[in-house]
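The structure appears right after this line, and notes come after that.
The values are calculated or read from the model by the stated rules, or taken from the named source; none is laboratory data. Not measured: the values here are computed from a predicted model. Here the Cβ positions follow ideal geometry from the backbone for every residue, glycine too, while neighbour counts run over all protein chains shown. Quick note on the areas: whole protein, heavy atoms, side chains included, nothing else; ligands and nucleic acids left out. Shrake-Rupley method; radii C 1.70, N 1.55, O 1.52, S 1.80 Å.
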Amino acid sequence: MTRSSAPGTAFLLGEHAVVYGEPALLFAVGRRATVDVDTKETVGDDLPDSAYVREAVGRAREYTGEDTPLSVEVESEIPIGAGLGSSAAVSAATVHAASRELGAQMEREKVAEEAHAVELDVQGAASPADTYTTTMGGYTVVSDEKKRSLEVPDEREGFVVGWDGGSAPTGEMVDGVSRLVEENPVAADIVGSIGDLTRRGVERAEAGDTDAVGGLMDMNQGLLDALGVSSSSLSRMVWAARDAGGSAKLTGAGGAGCVVAYPANEEVLGAVEQVAEEAFVVGVSEGVRTE
Ligand code: PMV
């Protein structure tokens, strides 16, 4: 039996704009999806009803050239479809575990590439942001052209995550932005501005200037709102964090789901808890690994 786990992911800056080639700044959150893969003695696979798992197993088979029947079980601490990259974590952990169970030590870069291919196959469109970050862990900067890990001084406190209890389909949110960009050149300018503030945020994050990154997160939330991907429940959590002296924005596709807030102190956590279905502090986590 092989057990692998991979973390959820959150966008500090740059979701949606990353679909248009701009960079995004993410981190791997300390909540994980765990996947058990076992070789079966009898004929036929025993897989959960998940297109991501099925596709990931198929890719591990193609890579290894092994056709042995497998059973797969998934357990996840990551809310589904809520902006924390649950499907990317499940895809990466399944590719990682299945390839190892079939006898190949697939290296990290390859796991990231295959997990991205899984998301593309299942969703039709997806940037490599979530899949690269869940595989590598830590902080990352991801664009279509360039992907790298980022050294950020001072990771002590972590972040507050607030969840409104809801979820929204990523594809529909991405399509909504794409219609807006086609109809209105101002929306295309907003996408470009998100790219500009993300480039600045990467530079400030590397310099350890967390206040500046917080200010850019607030600005990014305003631009995401302008693109129509926020909601009343997301805005309530954002404003609760701000009223408590923090910075906050939605993470991921939006529509419903999670916000990420900073700093992770009692005031910000307590304020977000008041209006969220669930709120918790997350640290910055390691990428995909064998358990
Ligand atoms: O909500 P999630 O975790 O599926 O993130 C979506 C992020 C987008 O930038 C909106 C789409 C993408 O593929 O990067």
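Of the numbered criteria (1) closer than 26 Å to I78 by Cβ; (2) out of contact with any Pro (no Cβ under 8 Å at 6 or more places or on another chain); (3) open to solvent by less than 20 Å² (accessible area, probe 1.4 Å); (4) in the same structural domain as C258 (by TED's automatic domain parsing), the one T198 fails is (2). Within segment 37-95, the set of residues being of a type in the set (G, A, S), assigned to a loop (DSSP other than H, G, I, E, B) and within 17 Å of the chain's Cα centre (by Cα) comprises G81, A82, G83, G85. Of the residues S87, S50, S71, S91, the single one that is of a type outside the set (K, R) and open to solvent by less than 10 Å² (accessible area, probe 1.4 Å) is S91. Remark: V260 falls outside the filter, which requires a residue to be more than 16 Å from the ligand (Cβ to nearest atom) and in the same structural domain as D164 (by TED's automatic domain parsing). Every listed requirement among (1) over 25 Å from T34 (Cα atoms); (2) buried (at least 16 other Cβ atoms within 10 Å of the Cβ) is met by N184 save one, (2).
Within segment 151-191, the set of residues being at pLDDT 95 or above and closer than 15 Å to V29 by Cα comprises F159, V160, V161, G162, W163. When we screen V186, V118 for residues that are of a type in the set (A, V, I, L, M), without any contact (Cβ under 8 Å) to a residue 40 or more places away in the chain and either in a loop (DSSP other than H, G, I, E, B) or more than 30 Å from A244 (Cα to Cα) (or both), the only hit is V186.
Among the residues making up segment 92-134, those that are closer than 16 Å to R31 by Cβ and within 15 Å of the ligand (Cβ to nearest atom) are A92, D130, T133, T134. Kindly indicate the residue of segment 135-148 that is more than 13 Å from the ligand (Cβ to nearest atom) and in contact with a Lys or Arg (Cβ under 9 Å, 6 or more places away or on another chain) and also most open to solvent (accessible area, probe 1.4 Å) among those meeting that condition. Within segment 135-148, the match that is most open to solvent (accessible area, probe 1.4 Å) is M136. Restricting attention to segment 15-33, which residues are open to solvent by less than 10 Å² (accessible area, probe 1.4 Å) and near the ligand (Cβ under 8 Å from one of its atoms)? Residues satisfying the conditions are E15, A17, V18, A24.
For segment 153-160, the condition holds for no residue, the condition being that it is surrounded by fewer than 18 Cβ atoms within 10 Å (Cβ to Cβ), more than 16 Å from the chain's Cα centre (by Cα) and within 11 Å of the ligand (Cβ to nearest atom).
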